1. Residue check: is residue 55 open to solvent by 60 Å² or more (accessible area, probe 1.4 Å) and either farther than 19 Å from residue 17 by Cβ or part of a helix (DSSP H, G or I) (or both)?
2. With the requirement that a residue be touching a residue at least 40 places away in the same chain (Cβ under 8 Å) and not in a helix (DSSP H, G or I), what does the range 103-120 give you?
3. For the range 112-129, give me each residue that is modelled with pLDDT of 95 or more and of a type outside the set (Gly, Ala, Ser).
4. Which of the residues that make up the range 81-102 are surrounded by fewer than 21 Cβ atoms within 10 Å (Cβ to Cβ) and either outside any loop (DSSP other than H, G, I, E, B) or in contact with a Ser or Thr (Cβ under 6 Å, 6 or more places away or on another chain) (or both)?
5. Determine which single condition residue 63 fails, assuming it passes every other condition in (1) open to solvent by less than 40 Å² (accessible area, probe 1.4 Å); (2) within 17 Å of residue 8 (Cβ to Cβ).
6. If residue 70 passes every condition in (1) of a type outside the set (Lys, Arg); (2) closer than 15 Å to residue 27 by Cα; (3) open to solvent by 60 Å² or more (accessible area, probe 1.4 Å); (4) not in a helix (DSSP H, G or I) but one, which one does it miss?
7. What number of residues in the range 1-53 are among the charged types (D, E, K, R), under 13 Å from the mean Cα position of the chain (by Cα) and under 15 Å from residue 105 (Cβ atoms)?
8. I need the full set of residues from the range 103-125 which are open to solvent by less than 20 Å² (accessible area, probe 1.4 Å) and out of contact with any helix residue (DSSP H, G or I) (no Cβ under 7 Å at 6 or more places or on another chain), in order please.
Amino acid sequence: AVPGIDTLTTVQLDAFLKANPGTVLVDAFVGAAHRTLPGAFWLPELGSVTVGQKELKQIEDALQAASGGDLTRPIVVFERSSTYGWFGYHGVLRLLGMGYKNIYRYRGGLDAWHDAQFPLAQAEPWTKAR
């Protein structure tokens with residue numbers, strides 16, 4: 001768990017998204033093309049421990065577009081699964097360091113969402129999944 005950050009289960013995330021339709025979903029998966037939660041922004045470098053200036057600018061620009069510049073807008077960060085979740089964990093820390101205030105972690109990630117038979121969409125790097 002990230003201190004001070006709520007961790008959501010799959011059922012909690014589903015309810016949270018229904019109650020908060022403006023929530024920004026951030027996919028911190030590092031790897032090849034994959035399927036993700038519908039509407040999620042795939043930021044493949046978000047959870048890397050070190051990033052270069054180019055990648056940091058991509059992260060900042062994508063988050064600005066996703067949140068409309070609102071640092072208090074709810075953001076849920078996730079990765080592949082609880083087993084492969086360190087990039088999601090580090091992504092939460094990076095968002096905190098960037099000044100975002102209303103962050104949640106979905107630890108179950110893509111695997112748990114898929115296993116619950118919720119819909120998936122094709123992830124596109126640095127943009128919103130469709």
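The values are calculated or read from the model by the stated rules, or taken from the named source; none is laboratory data. The model shown is predicted, which means the values in this text are computed figures rather than measured ones. Counting neighbours? That spans all protein chains shown, and the Cβs are built from the backbone with ideal geometry, glycine included. SASA here: full protein model, heavy atoms, side chains in, ligands and nucleic acids out. Shrake-Rupley method; radii C 1.70, N 1.55, O 1.52, S 1.80 Å.
1. On the way: open to solvent by 60 Å² or more (accessible area, probe 1.4 Å): no; either farther than 19 Å from residue 17 by Cβ or part of a helix (DSSP H, G or I) (or both): yes.
No.
2. 103, 104, 105, 106, 107, 108, 116, 118, 119, 120
3. Within the range 112-129, 113, 114, 115, 117, 118, 119, 120, 122 qualify.
4. 86, 89, 90, 93, 96, 97, 101, 102
5. Tallying (1) open to solvent by less than 40 Å² (accessible area, probe 1.4 Å); (2) within 17 Å of residue 8 (Cβ to Cβ), residue 63 fails exactly one: (2).
6. That leaves (2) as the condition not met.
7. As a first pass, look at the range 1-53 and keep what is among the charged types (D, E, K, R): 6, 14, 18, 27, 35, 45.
Narrowing the set further to residues that are under 13 Å from the mean Cα position of the chain (by Cα) leaves 27, 45.
Add one more test, that the residue is under 15 Å from residue 105 (Cβ atoms), and what stays is 27.
Result for the range 1-53: 1.
8. 110, 121, 123 - these are the residues of the range 103-125 that are open to solvent by less than 20 Å² (accessible area, probe 1.4 Å) and out of contact with any helix residue (DSSP H, G or I) (no Cβ under 7 Å at 6 or more places or on another chain).
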